[in-house]
Amino acid sequence: MSNHVLDVLAATIKARRNATLEDSYTKRLLAEPIKPAKKVGEEGVEVALAAVGQDKPSLIGETADLLYHLLVVLESRDVTLDEVYAELERRMAASEQQKQRKAASA
Ligand SMILES: N=c1c2ncn([C@@H]3O[C@H](COP(=O)(O)OP(=O)(O)OP(=O)(O)O)[C@@H](O)[C@H]3O)c2ncn1[C@@H]1O[C@H](COP(=O)(O)O)[C@@H](O)[C@H]1O
């Protein structure tokens, strides 16, 4: 596993699925997949409002909330960050190829 904070957080969230912890907010969210999905919507709006308000500390905090809840949603639907990374890489490669084709035909 990578040491990137998102990968470490995703692994922690995954481990909470079968944890016996009583006081894990993550475990409670995973037991009720609609809830983290709703939280992603709410946190997304809060990120947008912080961006429009040009409030940098709020934008950082709300982005952290959004990323956390997004990782919980992915875990609740058995989607890994590696699958998301692969999709982003596929798009980068496709975009690069398109630019090269355009440059070659100009
Ligand atoms: N990164 C986070 C994280 N970010 C945000 N939150 C929680 O997300 C909630 C934020 O929701 P709100 O601000 O809307 O607060 P709220 O109104 O009380 O929430 P709701 O009642 O609407 O669900 C708070 O309860 C935060 O504690 C997080 N909870 C856990 N983590 C990490 O998840 C991992 C597992 O933690 P446990 O859930 O404690 O096992 C650990 O690494 C934690 O650091």
Report task. Scan the helices (runs of 4 or more DSSP H) fully inside segment 1-74 and keep the ones with 3 or more residues being surrounded by fewer than 17 Cβ atoms within 10 Å (Cβ to Cβ), modelled with pLDDT of 95 or more and within 11 Å of the ligand (Cβ to nearest atom). Result -> 5-16, 34-52
**Report entry** Selection status of Val84, of a type in the set (A, V, I, L, M, F, W, C), assigned to a loop (DSSP other than H, G, I, E, B) and within 16 Å of the chain's Cα centre (by Cα)
**Finding:** no
Requested in this report: Have a look at Arg77, Arg91, Arg101 and point out the one that is out of contact with any helix residue (DSSP H, G or I) (no Cβ under 7 Å at 6 or more places or on another chain) and in contact (Cβ under 8 Å) with a residue 24 or more places away in the chain.
Outcome: Arg77
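When you scan segment 26-40, do you find a residue that is polar (S, T, N, Q) and under 16 Å from Val73 (Cα atoms), even just one? Working first, answer last.
Going through segment 26-40, the residues polar (S, T, N, Q) turn out to be 26.
From what is left, the residues that are under 16 Å from Val73 (Cα atoms) are 26.
Yes.
Surrounded by 15 or more Cβ atoms within 10 Å (Cβ to Cβ) and without any contact (Cβ under 8 Å) to a residue 24 or more places away in the chain: is that true of Glu83 in this structure? Give the steps one after another, and end with the answer.
On the way: surrounded by 15 or more Cβ atoms within 10 Å (Cβ to Cβ): no; without any contact (Cβ under 8 Å) to a residue 24 or more places away in the chain: yes.
No.
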Query - Enumeration of residues in segment 4-20 that are farther than 14 Å from Asp78 by Cβ and either among the acidic types (Asp, Glu) or in contact with a helix residue (DSSP H, G or I) (Cβ under 8 Å, 6 or more places away or on another chain) (or both) - result: Leu6, Asp7, Leu9, Thr12, Arg16, Ala19
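The values are calculated or read from the model by the stated rules, or taken from the named source; none is laboratory data. What you see is a predicted model; the values in this text were computed from it and never measured. All Cβ positions, even for glycine, are placed from backbone atoms using ideal geometry, and neighbour counts span all protein chains on display.
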